[in-house]
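Working notes, structure below.
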Amino acid sequence: MNATELFGFLAATLTTVSFIPQVIQVWRSKQTQDISLGMYAIFTAGILAWLVYGILLESTPIIVANSITIVLAGSVLAMKLKYG
């Protein structure tokens, strides 16, 4: 693994892990009224596009990060739809 890929994994890890506190907060509180449905819907679609892009490039950091992020962001989106 070269320095570029290592830096990519660092960036991917930081941006992906940043969603964990939000998922935990919503999971525990079941409160979603202050979360924007539009933002999470657009963001999740964007993450899906990044995932497809990473697959097309065969870029492991992009694929791994966006696979995990889509699960995390999708979880918040699903809880927003469920809990309103």
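The values are calculated or read from the model by the stated rules, or taken from the named source; none is laboratory data. All figures in this text were calculated on a predicted structure; none of them were measured in a lab. Don't worry about glycine lacking a Cβ; one is built from the backbone with ideal geometry, like all the others, and counts go over all protein chains shown.
Quick notes on this one:
- For first residues located in the stretch 53-64 and at pLDDT 90 or above, partners that are assigned to a helix (DSSP H, G or I) and polar (S, T, N, Q) and lie 6+ apart or on another chain with Cβ distances below 7 Å form the pairs Gly54/Asn66.
- Residue list for the stretch 1-56, restricted to those being among the hydroxyl-bearing types (Ser, Thr, Tyr), loosely packed, with under 13 Cβ neighbours inside 10 Å, within 20 Å of Lys80 (Cα to Cα) and over 10 Å from the mean Cα position of the chain (by Cα): Ser29, Ser36
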